[in-house]
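Report on the following structure.
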């Protein structure tokens, strides 16, 4: 596994290790169609849960995906659902290495590319 100097694993390495990326999507929906919209959103591949909520947003949606391109496709599908007005996406960040653990350096000779990101 490769880590950045701040302890965070690179996204690409995180996914290659068999992990999935996750995001929460907060959605505003037209009045009186929240339950219908959430029902249709639940049918979209990559949507793990979707719930109607109170407050500034009308629905909270949990997504799971392997590539950032997949995230864009899922959000496009959500925007096509009748009644969805707008969304805000919150991408989760993989947990950093624990403070007591050993953290390998990503800056090792021959293992980094442009801007010290790992070569793939």
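The values are calculated or read from the model by the stated rules, or taken from the named source; none is laboratory data. These numbers were taken from a predicted model, which means no experiment stands behind them. Positions of Cβ are backbone-derived with ideal geometry, glycine not excepted, and every protein chain shown enters the neighbour counts.
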Residue check for residue 104: part of a loop (DSSP other than H, G, I, E, B) and at pLDDT 50 or above
no
Output the residues belonging to segment 12-35 that are modelled with pLDDT of 95 or more, over 17 Å from residue 62 (Cα atoms) and assigned to a helix (DSSP H, G or I).
none
Please state which one of 111, 51 is modelled with pLDDT of 95 or more and surrounded by fewer than 17 Cβ atoms within 10 Å (Cβ to Cβ).
51
By residue number, the members of segment 54-64 that are surrounded by fewer than 20 Cβ atoms within 10 Å (Cβ to Cβ) and more than 15 Å from the chain's Cα centre (by Cα) are 54, 55, 56, 57
Under 15 Å from residue 87 (Cβ atoms) and free of Cβ contacts under 8 Å to residues at least 40 places away in the same chain, is that true of residue 41?
no
Which condition does residue 44 not pass, out of (1) in a loop (DSSP other than H, G, I, E, B); (2) at pLDDT below 95, if it passes all the others?
(2)
